[in-house]
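*Asks:* Pasting in a structure now, in structure tokens, and then I'll have a few things to ask.
The values are calculated or read from the model by the stated rules, or taken from the named source; none is laboratory data. Computed from a predicted model, the values in this text were never measured in an experiment. Cβ sites come from the backbone with ideal geometry, for glycine too, and all protein chains shown count toward neighbours. Note: areas computed on protein heavy atoms with side chains; ligands, DNA, RNA excluded. Shrake-Rupley method; radii C 1.70, N 1.55, O 1.52, S 1.80 Å.
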Amino acid sequence: MRRIFPLAASLIALPSVGQGLASGPALTTGQTSDHHSVYAGALNPALGDLMVNDGEQFRLGFTPSLSTLTEIGQVDNFVDDLDDLIDLIDDPSLNKDPVQTVLDRFNSILVKMGDEGYVKNSAELHLPLMPLYWKMPLWDGTLMADISFNTQVLARVLDAPLSYDEQNKSFSTATAAYLKGATQTAFALGYSRGWFDGADQKRYSGQLYAGAKLSVYALDLSKQVFLLQKLDGKDIGDVIRDEYDNNSQSTTAPGLDVGVIWAADRFRLGATLYNLNQPSFDYGPVGENCQTRAENSIARANCEAAADFAQVRGDIKARETHKKTAYLGLDGTYYWQSNAWASAALDLTAYDDFVGTEQQWLTISAHYAPSTHWLPNVRSGLQKNLAGSQLTQLALGIEFKGVSLDVSWALDSTRVDGSDLPRSFGFALAIAEQF
């Protein structure tokens, strides 16, 4: 039995997230200005100057950090139904029910599959030593360098009615699987410093920090349509890999983030404007120049199916552009004690991730760091996507001797293979210099 959705979710090894998956503790705490996490300085560029303590010159990550997150739609055993449909098309003799019963069953299911059936897998990797912070007294500020890789794959169903050919005693449908993939390599260089000290004015408690980060994004985007009826027993993973390069397109463009932080003894407030220049990246086209594919080939059939879904049904776009939309993120932290604090972060507007799903996150988190180094730091978070999937997630994290592990899972569940599973689940593993 072919497991299309789980297989598509595993394809992050393809040469193929939101606009970047959270790294390390940020999987739990969100985009907060948390100077206890070396990865937070890559979120708000103003944070870099707070990352390196007085008397130190460098702060860095040690080994590569890895984050991954899988999200699935309200599929409720759609995978089993989809497998049954493929088997029925391949071998109509398997059917023992009246034809109309079969048509009613699958046509109802196909509509639901098209509306709700999807799986999305995101992953992020930072190179060893990254991010790296270098406090430079000569410049009265701190430089930040980072190199990261993001990949994202989305698979969903494009539904079309199931029909029966009485003469040939066969079932057929134009239903197709639609896969979008993205791989991003990002080279970032940032600068931050303190610009205003309230103590100097004897009227304010705290200091203003500001910074900017310039990134160069190399983004490879591809999308594919493949008919379920044309698999002819072929492994769907092989079909995807064969066609990926034919539909991929690479674009390189710069991006600019700016941020500010007000840091006081008991609280911290941050604001970050992401993607100030809104760089754009093109997807590889689908459903075009189908005549260049070999006649009667799977590639030709898939191309013509893509043209139908794009030009006739209007379910997809033949040509598509991903834009890193500018949006403002706000965050705040309150310290009960030096080793216990609570944070909140909010995206003020929605934006699309690499594969076109809407994101707008609200995060509330708490963190406790015992005074002894023999006990681990612990953190917890509650996250809500205010757009798109509307998912609510819980997250827990633990850190000991510089090794941190965070896990998250959705409160919403769906049924797959007879078992209830959370609609999203992920983890982040990082080894970095301890604060």
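*Asks:* Check the range 163-180 and report whether any residue there is open to solvent by 40 Å² or more (accessible area, probe 1.4 Å) and within 19 Å of the chain's Cα centre (by Cα).
*Replies:* Within the range 163-180 (the criterion being open to solvent by 40 Å² or more (accessible area, probe 1.4 Å) and within 19 Å of the chain's Cα centre (by Cα)), the answer is no, since none of the residues qualifies.
*Asks:* What's the total number of residues in the range 354-411 that are among the aliphatic types (A, V, I, L, M) and closer than 25 Å to Gln184 by Cβ? So that I can check it myself, show each step before the final result.
*Replies:* Residues of the range 354-411 among the aliphatic types (A, V, I, L, M): 355, 362, 364, 366, 369, 375, 378, 382, 386-387, 391, 394-396, 398, 403, 405, 407, 410-411.
So of that shortlist, the ones also closer than 25 Å to Gln184 by Cβ come out as 355, 362, 386-387, 391, 395, 405, 407, 410.
Selection size over the range 354-411: 9.
*Asks:* May I pose another question? What single numbered condition from (1) outside any loop (DSSP other than H, G, I, E, B); (2) open to solvent by less than 30 Å² (accessible area, probe 1.4 Å); (3) in contact with a strand residue (DSSP E or B) (Cβ under 7 Å, 6 or more places away or on another chain); (4) at pLDDT below 90 fails to hold for Gln229?
*Replies:* (2)
*Asks:* Using the structure shown, decide if Val403 is touching a helix residue (DSSP H, G or I) at 6+ places or on another chain (Cβ under 7 Å) and at pLDDT below 95.
*Replies:* Values: touching a helix residue (DSSP H, G or I) at 6+ places or on another chain (Cβ under 7 Å): no; at pLDDT below 95: yes.
No.
*Asks:* Another question, if that's okay. Determine, yes or no, whether Leu69 is in contact with a strand residue (DSSP E or B) (Cβ under 8 Å, 6 or more places away or on another chain), among the hydrophobic types (A, V, I, L, M, F, W, C) and open to solvent by less than 10 Å² (accessible area, probe 1.4 Å). Steps first, answer last, please.
*Replies:* Values: in contact with a strand residue (DSSP E or B) (Cβ under 8 Å, 6 or more places away or on another chain): yes; among the hydrophobic types (A, V, I, L, M, F, W, C): yes; open to solvent by less than 10 Å² (accessible area, probe 1.4 Å): no.
When the stated conditions are applied, Leu69 does not pass them.
*Asks:* Within the range 108-147, which residues are assigned to a loop (DSSP other than H, G, I, E, B) and surrounded by fewer than 20 Cβ atoms within 10 Å (Cβ to Cβ)?
*Replies:* If we filter the range 108-147 for residues that are assigned to a loop (DSSP other than H, G, I, E, B), which is where we start, we get 117, 127-131, 137-140.
Residues satisfying the conditions are Leu127, Pro128, Leu129, Pro137, Leu138, Trp139, Asp140.
*Asks:* Testing Leu14 on (1) at pLDDT 85 or above; (2) open to solvent by 10 Å² or more (accessible area, probe 1.4 Å); (3) not small (Gly, Ala, Ser), one condition comes back false. Which one is that?
*Replies:* Of everything listed in (1) at pLDDT 85 or above; (2) open to solvent by 10 Å² or more (accessible area, probe 1.4 Å); (3) not small (Gly, Ala, Ser), Leu14 misses just condition (1).
*Asks:* For Asp90, indicate whether it is farther than 30 Å from Arg193 by Cα and of a type outside the set (A, V, I, L, M). Let's see the steps before the verdict.
*Replies:* Details: farther than 30 Å from Arg193 by Cα: yes; of a type outside the set (A, V, I, L, M): yes.
Yes, satisfied.
*Asks:* Of all residues in the range 72-100, how many are open to solvent by 40 Å² or more (accessible area, probe 1.4 Å), assigned to a loop (DSSP other than H, G, I, E, B) and not polar (S, T, N, Q)?
*Replies:* Number satisfying all stated conditions: 5.
*Asks:* Something else: May I ask you to list the residues in the range 37-60 that are modelled with pLDDT under 80 and either touching an Asp or Glu at 6+ places or on another chain (Cβ under 9 Å) or open to solvent by less than 10 Å² (accessible area, probe 1.4 Å) (or both)?
*Replies:* none
*Asks:* Checking Lys213 against (1) buried (at least 16 other Cβ atoms within 10 Å of the Cβ); (2) modelled with pLDDT of 95 or more; (3) within 30 Å of Glu288 (Cβ to Cβ), which single condition isn't satisfied?
*Replies:* Unmet condition: (3).
*Asks:* So Gln311 fits all but one of (1) open to solvent by 30 Å² or more (accessible area, probe 1.4 Å); (2) in contact with a Gly (Cβ under 8 Å, 6 or more places away or on another chain); (3) under 20 Å from Lys213 (Cβ atoms); what number is the exception?
*Replies:* Looking at each condition in turn, Gln311 falls short on (3).
*Asks:* For the range 343-387: of the residues being assigned to a loop (DSSP other than H, G, I, E, B) and aliphatic (A, V, I, L, M), which is most open to solvent (accessible area, probe 1.4 Å)? Reasoning before the result, please.
*Replies:* Let us first name the residues in the range 343-387 that are assigned to a loop (DSSP other than H, G, I, E, B), namely 348-350, 353-357, 360, 369-376, 386-387.
Now restrict to residues that are aliphatic (A, V, I, L, M): 348, 350, 355, 369, 375, 386-387.
Numbers: Leu348: 78, Ala350: 38, Val355: 4, Ala369: 17, Leu375: 96, Leu386: 70, Ala387: 10 Å².
My answer is Leu375.
*Asks:* Now, a different point. Please pick out the residue among Ala387, Ala342 that is modelled with pLDDT of 95 or more, of a type in the set (Gly, Ala, Ser) and within 25 Å of Lys112 (Cα to Cα). Outline the logic, then answer.
*Replies:* Working: Ala342 fails: within 25 Å of Lys112 (Cα to Cα).
So the residue among Ala387, Ala342 that is modelled with pLDDT of 95 or more, of a type in the set (Gly, Ala, Ser) and within 25 Å of Lys112 (Cα to Cα) is Ala387.
This table checks each residue for (1) assigned to a loop (DSSP other than H, G, I, E, B); (2) over 25 Å from Leu362 (Cβ atoms).
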| position | (1), (2) |
| --- | --- |
| Gly24 | yes, no |
| Leu27 | no, no |
| Asp34 | yes, no |
| Gly41 | no, no |
| Ala46 | no, no |
| Gly55 | yes, yes |
| Arg59 | no, yes |
| Ser67 | no, no |
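*Asks:* Collect the residues in the range 259-272 that are surrounded by fewer than 18 Cβ atoms within 10 Å (Cβ to Cβ) and not charged (D, E, K, R), keeping them in residue-number order.
*Replies:* Taking the range 259-272 as the starting set, the residues that turn out to be surrounded by fewer than 18 Cβ atoms within 10 Å (Cβ to Cβ) are 264-267, 269.
Within the range 259-272, Ala264, Phe267, Leu269 qualify.
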